[in-house]
Amino acid sequence: METLTDEQRERWSTDGYLHLHGVLSPDEVSLFSQELDKVRLLPGYEPGQAQLGHYEWMETAKNTDPAGFMDRRDLLNYGQHFIDLIDRPGLFDLLVDIMGPHIMLSMTQAIVRPSTDSFPGYTHTDGGEGLREIRVSETSPPIAMKAMYLLSDVVQEDGGALTVFPGSHVRPFPWRRDEPLTPHSPGAVQLPGRAGDCYLFPHSLWHGPAPNHSGRARKTLLYNYAQMFVRSYDHDVTPEVEGQLTPRQRRLLGDLGYGFRPGSYFYVPPDQEELIYQDERGPTRWTGPRIVDQSG
Ligand SMILES: O=C(O)CCC(=O)C(=O)O
């Protein structure tokens, strides 16, 4: 399996994110982009009238214009391409190198952010309010993290870029309920990118979308992963999806190979590492994150 370079490891530790270039090929970008145009016409979960962050079943997206807003969860039901992305070769290796092998897929999401003057951006930590206060050290694997695939070029300031607050994953970040952080607060860095790029970042990093004044919609796919004891918070594994999964994907969706017992997910099954690594290095290969040698 591939591992992070020393430079990537150092960036991950200090900045709290990685920008990987050209992870999806141009063909994959156009395929997923077209898939999202179809998905919005199908039933699924979208933000509704309920409280912030809670999704409701809709017959189509609220906006059926391909360049209009869409925020759709639970993507695995929309076809094999979305299932294949669970453990995409190349990217998944790096994710396991960061998190270790005791993980699950916790959420899938597709977001289209239209060009508009009415959305000022939105800055937050993932995992709800909790991860504003709970953070692990820079030498620890994260509790949960995200792979965000860009399906559109984002080249200008306020063009809908992922905006991050580097370092906020490991230090208390000053925030006030009555004065929310914004994509223009001190410390914010907008990350331009090209269609096919992928950003990796932990849930504890302050981040969010910049406003999009580019004149073009920005499409993304998001796949979240968590340490297994945290478990998935989004998936309904239908029999159709189940029938399409590889053994590793089944495990990443929570199939431990036996029925639930107290203690399941708290301790991982004995074949966890073998299944996740699926290579000749065997089940005891992972020895925890490496510390970057700063001595040069
Ligand atoms: O739309 C984006 O740029 C980022 C989405 C986001 O903030 C998130 O996935 O938590």
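The values are calculated or read from the model by the stated rules, or taken from the named source; none is laboratory data. Bear in mind the structure is a predicted one, so any value in this text is a computation, not a measurement. Neighbour counts are summed over all protein chains in view; Cβ atoms, including those assigned to glycine, are modelled from backbone coordinates with ideal geometry.
Which one of the conditions (1) within 15 Å of the ligand (Cβ to nearest atom); (2) outside any strand (DSSP E or B) does Gly208 fail to meet, given that it meets all the rest?
(2)
When you go through (1) in contact with a strand residue (DSSP E or B) (Cβ under 7 Å, 6 or more places away or on another chain); (2) of a type in the set (A, V, I, L, M, F, W, C); (3) farther than 22 Å from Pro192 by Cα one by one for Leu95, which number turns out not to apply?
(3)
Within the bounds of region 75-90, is there any residue that is within 15 Å of the ligand (Cβ to nearest atom), surrounded by fewer than 21 Cβ atoms within 10 Å (Cβ to Cβ) and either closer than 26 Å to Arg177 by Cβ or of a type in the set (Val, Ile, Thr) (or both)?
Taking every residue of region 75-90 in turn, none turns out to be within 15 Å of the ligand (Cβ to nearest atom), surrounded by fewer than 21 Cβ atoms within 10 Å (Cβ to Cβ) and either closer than 26 Å to Arg177 by Cβ or of a type in the set (Val, Ile, Thr) (or both).
Can you pull out the strands (runs of 3 or more DSSP E) entirely within region 31-149 that have at least 3 residues that are of a type outside the set (Ser, Thr, Tyr), over 17 Å from the mean Cα position of the chain (by Cα) and more than 23 Å from His207 (Cα to Cα)?
The qualifying strands (runs of 3 or more DSSP E) are 55-58.
Can Thr163 be described as buried (at least 22 other Cβ atoms within 10 Å of the Cβ) and either farther than 24 Å from Phe92 by Cα or polar (S, T, N, Q) (or both)?
yes
Kindly evaluate Glu28 against the criterion of being more than 22 Å from Cys198 (Cα to Cα) and not hydrophobic (A, V, I, L, M, F, W, C).
Against the criterion (more than 22 Å from Cys198 (Cα to Cα) and not hydrophobic (A, V, I, L, M, F, W, C)), Glu28 does not qualify.
Regarding region 38-56, can at least one residue be identified that is buried (at least 18 other Cβ atoms within 10 Å of the Cβ), within 22 Å of Ile276 (Cβ to Cβ) and of a type in the set (Val, Ile, Thr)?
There is no residue in region 38-56 that is buried (at least 18 other Cβ atoms within 10 Å of the Cβ), within 22 Å of Ile276 (Cβ to Cβ) and of a type in the set (Val, Ile, Thr).
Please determine whether any residue of region 165-174 is among the aromatic types (Phe, Trp, Tyr), away from the ligand (no atom under 13 Å from the Cβ) and part of a loop (DSSP other than H, G, I, E, B).
Scanning region 165-174, I find at least one residue that is among the aromatic types (Phe, Trp, Tyr), away from the ligand (no atom under 13 Å from the Cβ) and part of a loop (DSSP other than H, G, I, E, B), so the answer is yes.
So how many residues does region 110-134 have that are modelled with pLDDT under 85 and either out of contact with any Ser or Thr (no Cβ under 9 Å at 6 or more places or on another chain) or among the charged types (D, E, K, R) (or both)?
Adding up the residues that qualify gives 5.
Mind listing whichever residues of region 211-243 are surrounded by fewer than 16 Cβ atoms within 10 Å (Cβ to Cβ) and either modelled with pLDDT under 95 or within 13 Å of the ligand (Cβ to nearest atom) (or both)?
Phe229, Arg231, Tyr233, Asp236, Thr238, Pro239, Glu240, Glu242, Gly243
So the check is Cβ under 7 Å with 6+ separation or different chains; which pairs have a first residue in region 199-213 that's more than 16 Å from Ser185 (Cα to Cα) and touching a residue at least 60 places away in the same chain (Cβ under 8 Å) and a second one that's part of a loop (DSSP other than H, G, I, E, B) and within 8 Å of the ligand (Cβ to nearest atom)?
Between residues of region 199-213 that are more than 16 Å from Ser185 (Cα to Cα) and touching a residue at least 60 places away in the same chain (Cβ under 8 Å) and residues that are part of a loop (DSSP other than H, G, I, E, B) and within 8 Å of the ligand (Cβ to nearest atom), the close pairs are His203/Asp126; Asn212/Gly160.
Suppose we filter region 195-205 for residues that are more than 10 Å from the ligand (Cβ to nearest atom) and of a type in the set (A, V, I, L, M, F, W, C); how many remain?
Within region 195-205, residues that are more than 10 Å from the ligand (Cβ to nearest atom) and of a type in the set (A, V, I, L, M, F, W, C) number 3.
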